[in-house]
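This report concerns only the one structure given below.
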Amino acid sequence: MFSKKSPKAAFAPVPKRRRVIGAMTGLAVAATLGAAIAIPAEAQSQGSHDASSGYSSHHHPKSPRQVAAAFYASYNGDLAAGFERYISKKLVLHGFDGPNSRDAWLQGDLELKASLTGYKLEVLDQIAEGDKVVTRWVLGGVHTGTILGIPPSGRKVSLSGISIDRVVGGQSVEHWSEGNFGRFLDELRGETPSAK
């Protein structure tokens, strides 16, 4: 959901050789201590689900909204499995700093998750039309690991954003993400009041 850059160059162009941290959408990423995000009722009605991945034990096709709900739920469980199941290997990604790679997005969000104790992602809104799903989300935790070269501060921090997924055949094939990354960096560095 975001790119791995020097904190001072958070919005400068990134050379291709630098590693990019993905979202979310954003943004996006250690153990879950909070409650899992809400999955829309229609997603729950598709049969029994594996709590960590959102997988259905039945082979009913999922709507784009159900796919997006299951993917974002995986941020509070097995994120790597969520990517494997719900994010196309041919994904076209438009991250915070422009097009990036799927693998860099996953690795960045895993690093972010591991760096925040009490990590939790919450879906605030989800709207679907056709094959596109808009998700407004917030993630956060206590900054106990190095993020983007910024040493642990022990501060409670949060990153919020809006992501759009174009879902085809049960997977996101295109992803856009925007968020308050500048404020997130300021919180990590202690330059703004800590998240509440």
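Below are the figures for this structure:
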{"quantity": "Counted residues, the stretch 142-196 - those being within 15 Å of ALA68 (Cα to Cα) and of a type in the set (Ser, Thr, Tyr)", "calculated": "3"}
{"quantity": "Any chance HIS175 is touching a Pro at 6+ places or on another chain (Cβ under 6 Å) and buried (at least 23 other Cβ atoms within 10 Å of the Cβ)", "calculated": "no"}
{"quantity": "Output for the stretch 123-176, where each listed residue is under 20 Å from VAL92 (Cα atoms), over 12 Å from the mean Cα position of the chain (by Cα) and small (Gly, Ala, Ser)", "calculated": "ALA128, GLY130, GLY169, GLY170, SER172"}
{"quantity": "Those residues of the stretch 160-196 which are at pLDDT below 95 and polar (S, T, N, Q), in sequence order", "calculated": "SER177, ASN180, THR192, SER194"}
{"quantity": "Unmet criterion (only one of (1) part of a strand (DSSP E or B); (2) in contact with a Gly (Cβ under 9 Å, 6 or more places away or on another chain)) for ILE127", "calculated": "(2)"}
{"quantity": "Selected residue [at pLDDT below 95, of a type in the set (D, E, K, R) and surrounded by 22 or more Cβ atoms within 10 Å (Cβ to Cβ)] from ASP109, ASP103", "calculated": "ASP109"}
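The values are calculated or read from the model by the stated rules, or taken from the named source; none is laboratory data. All values derive from a computational prediction rather than experimental measurement. Here the Cβ is made from the backbone with ideal geometry for all residues, glycine too, and neighbour counts use every protein chain on show.
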